[in-house]
Amino acid sequence: MPEGLSAALALPGLWAVLGAVTVAGVVYGFAGFGAALIFTPIAVAFIAPETAIAAFALSALVSVFTVVPSAWGEADRRAAGTMIAAAILAAPLGVLGLSVLDREVIRTIVAIIVAITLAALIAGWRFSAPPTLASRAGIGAGAGVMGGMTGLNGPIVILFQLAGSDGARRARANLILFLTATSISFLPLLWMQGLLTVEALWLGLILMPLYAVGTRVGKALFTPGREPIYRGVAYVIIGLAALAALPVWD
């Protein structure tokens with residue numbers, strides 16, 4: 001057995017990480033967001049943040065085949081592309097922060113970001129900025145920095161996207177394109193910073209089939225008329241994930 005695979009299988013809390021990625025895939029498949037908000041808090045409670053981010057970024061490759069094809073035709077590709085480009089350009093700043101900050105600091109930041117995002121979603125808080133080219137680029141850049149440092153590339157974009165007049169299908173499709181593209185982009189950035197390990201790559205390969213099944217199931221469950229139910233379920237799961245990430249449980 002390859003050494004990297006052995007190390008990945010021996011990671012503490014592997015069972016929790018596998019369960020988290022499966023649930024994350026289901027939520028992502030039907031809501032179009034929430035995968036990283038669920039996976040990251042739980043994963044960083046057991047493994048190094050850079051390992052969790054790299055493994056999840058690799059597993060996100062399956063989204064290209066499971067949910068992106070249908071989202072491609074429903075999304076506002078110009079708007080999503082603007083945010084993706086800005087996020088990729090800004091993400092190296094976040095990865096730099098990941099390389100210098102202590103693991104417990106990252107865990108705390110993750111828990112705070114998830115909790116604030118969840119509270120804003122439940123309260124119905126939205127960005128009031130109009131969806132201009134400049135505002136989309138700014139939102140994308142902010143998401144890139146946050147994603148590079150914590151793996152949470154979605155919160156800012158989720159709140160911004162839900163502020164618009166897009167229906168459930170288009171909002172979901174835009175988020176799928178953005179989150180998939182930016183998650184995958186973290187891999188070369190982590191490699192350039194020396195944070196991409198063989199162990200993380202093997203873990204990503206282990207997570208791939210579970211994430212694929214989850215997104216397929218979630219996609220099959222998606223019906224626009226039941227959006228409030230989907231969001232309610234996603235909020236509960238995200239809240240539990242945020243609690244699980246708190247260092248106090250150690």
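The values are calculated or read from the model by the stated rules, or taken from the named source; none is laboratory data. None of the values given here were measured: they were computed from a predicted structure. Don't worry about glycine lacking a Cβ; one is built from the backbone with ideal geometry, like all the others, and counts go over all protein chains shown.
Laid out as a table, the results:
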| quantity | calculated |
| --- | --- |
| Any hit, segment 46-64, residues being under 18 Å from Gly194 (Cα atoms) and more than 16 Å from the chain's Cα centre (by Cα) | yes |
| Answer from Phe186, Phe160 - the residue that is modelled with pLDDT under 85 and of a type outside the set (Lys, Arg) | Phe160 |
| Of all residues in segment 49-60 being modelled with pLDDT of 90 or more and aliphatic (A, V, I, L, M), the one that is farthest from Ala111 (Cα to Cα) | Leu58 |
| Test: Ser59 is surrounded by 23 or more Cβ atoms within 10 Å (Cβ to Cβ), part of a helix (DSSP H, G or I) and among the hydroxyl-bearing types (Ser, Thr, Tyr) | yes |
| Scan of segment 80-102 for residues that are under 26 Å from Asn174 (Cβ atoms) and of a type in the set (Val, Ile, Thr), ordered by number | Thr82, Ile84, Ile88, Val95 |
